[in-house]
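**Student:** Please read through the structure below; I'll follow up with questions.
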Amino acid sequence: MATVDAYGTPIGGQTRNPFNYVKVEQLARDNTTAWLTLTEITNQLNLFSDSSQDVYLLAIELATRQAIEDYLGLSIFATTYRVWYGTESLVASPVCFDLPEVSQNSNSALSGVTISFVKYYNDAFPPVVTTISNTEYFYDNSGNKVIVNNMPTSVNTVMTAPIYIDYVTAANPMAAYPVIKQAGLLLLTHLYNNRSNTTDIQLKDIPFGVANLLRPYKPLVM
């Protein structure tokens, strides 16, 4: 049986369930680059030789792509996140900080995640943001976490989440998968045909619809 601290957290545990972050913020996201082409969209919607709705179609294309990214928890295009951690994360040595979103670069030698920095608020009054040297941590792609070798003892113990990490997920190769694109086209068709939040008829999912096509590609965390 694992030894636990006063909060029931495993001491020296290399993984966390649930994950040990307090909150997640999305800092930057590609809001302009098209993923599905206009040709693919107009063919799907049978709008041949009709360019009158191109601006609208590109707008819902962006919404479609971002909805699929959110559903999968994987970045079709690069996305920047900030993750906050409380001092309860400091029960192990070295310290492991779980990341909520992961990606995989098409180059197998790369992790798909780039750590921008690891920072914390110190115990001064008022607290001062301090940066941890990048020689003191590394990204563990086997567990999608940042491992810090030596965490300073001056971390603020009064703040709810005094530690934060900024990182960027790389564009995922799944963006080119035909099954993912087909799910995107199905979702885009739904958004195109249903332009209201309410309906006077009962709708139901089609067999082998968006969720069925995407579910095998959701990251499985044990």
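**Student:** Tally the residues that are farther than 20 Å from ALA28 by Cβ and open to solvent by less than 20 Å² (accessible area, probe 1.4 Å), restricting the search to the stretch 131-160.
**Tutor:** Qualifying residue count, the stretch 131-160: 5.
**Student:** When you scan the stretch 168-222, how many residues do you find that are outside any helix (DSSP H, G or I) and of a type outside the set (D, E, K, R)?
**Tutor:** Of the stretch 168-222, the ones outside any helix (DSSP H, G or I) are 168-172, 177, 194-209, 218-222.
In the following step, the residues that additionally are of a type outside the set (D, E, K, R) were identified as 168-172, 177, 194, 196-199, 201-203, 206-209, 219-222.
Here the count works out to 22.
**Student:** Within the stretch 56-70, can one find any residue that is outside any loop (DSSP other than H, G, I, E, B), closer than 30 Å to MET151 by Cβ and either open to solvent by 60 Å² or more (accessible area, probe 1.4 Å) or touching an Asp or Glu at 6+ places or on another chain (Cβ under 8 Å) (or both)?
**Tutor:** Checked the stretch 56-70: no residue is outside any loop (DSSP other than H, G, I, E, B), closer than 30 Å to MET151 by Cβ and either open to solvent by 60 Å² or more (accessible area, probe 1.4 Å) or touching an Asp or Glu at 6+ places or on another chain (Cβ under 8 Å) (or both).
**Student:** Something else about it: Going by the structure shown, is SER111 closer than 20 Å to ASN31 by Cα, open to solvent by less than 40 Å² (accessible area, probe 1.4 Å) and assigned to a loop (DSSP other than H, G, I, E, B)?
**Tutor:** Answer is no for this residue.
**Student:** Can you name every residue in the stretch 165-184 that is modelled with pLDDT of 95 or more and open to solvent by less than 20 Å² (accessible area, probe 1.4 Å)?
**Tutor:** ILE165, ASP166, TYR167, ILE180, ALA183, GLY184
**Student:** Looking at the structure I just gave you, is TYR192 within 22 Å of the chain's Cα centre (by Cα), surrounded by fewer than 20 Cβ atoms within 10 Å (Cβ to Cβ) and of a type in the set (Ser, Thr, Tyr)? Let's see the steps before the verdict.
**Tutor:** Values: within 22 Å of the chain's Cα centre (by Cα): no; surrounded by fewer than 20 Cβ atoms within 10 Å (Cβ to Cβ): yes; of a type in the set (Ser, Thr, Tyr): yes.
The answer is no for TYR192.
The values are calculated or read from the model by the stated rules, or taken from the named source; none is laboratory data. From a predicted model like this one, the values you see are computed outputs, not experimental measurements. No Cβ is skipped: glycine too gets one built from the backbone with ideal geometry, and neighbour counts run over all protein chains shown. Just the protein is used for accessible areas: all its heavy atoms, side chains included, with ligands, DNA and RNA removed. Shrake-Rupley method; radii C 1.70, N 1.55, O 1.52, S 1.80 Å.
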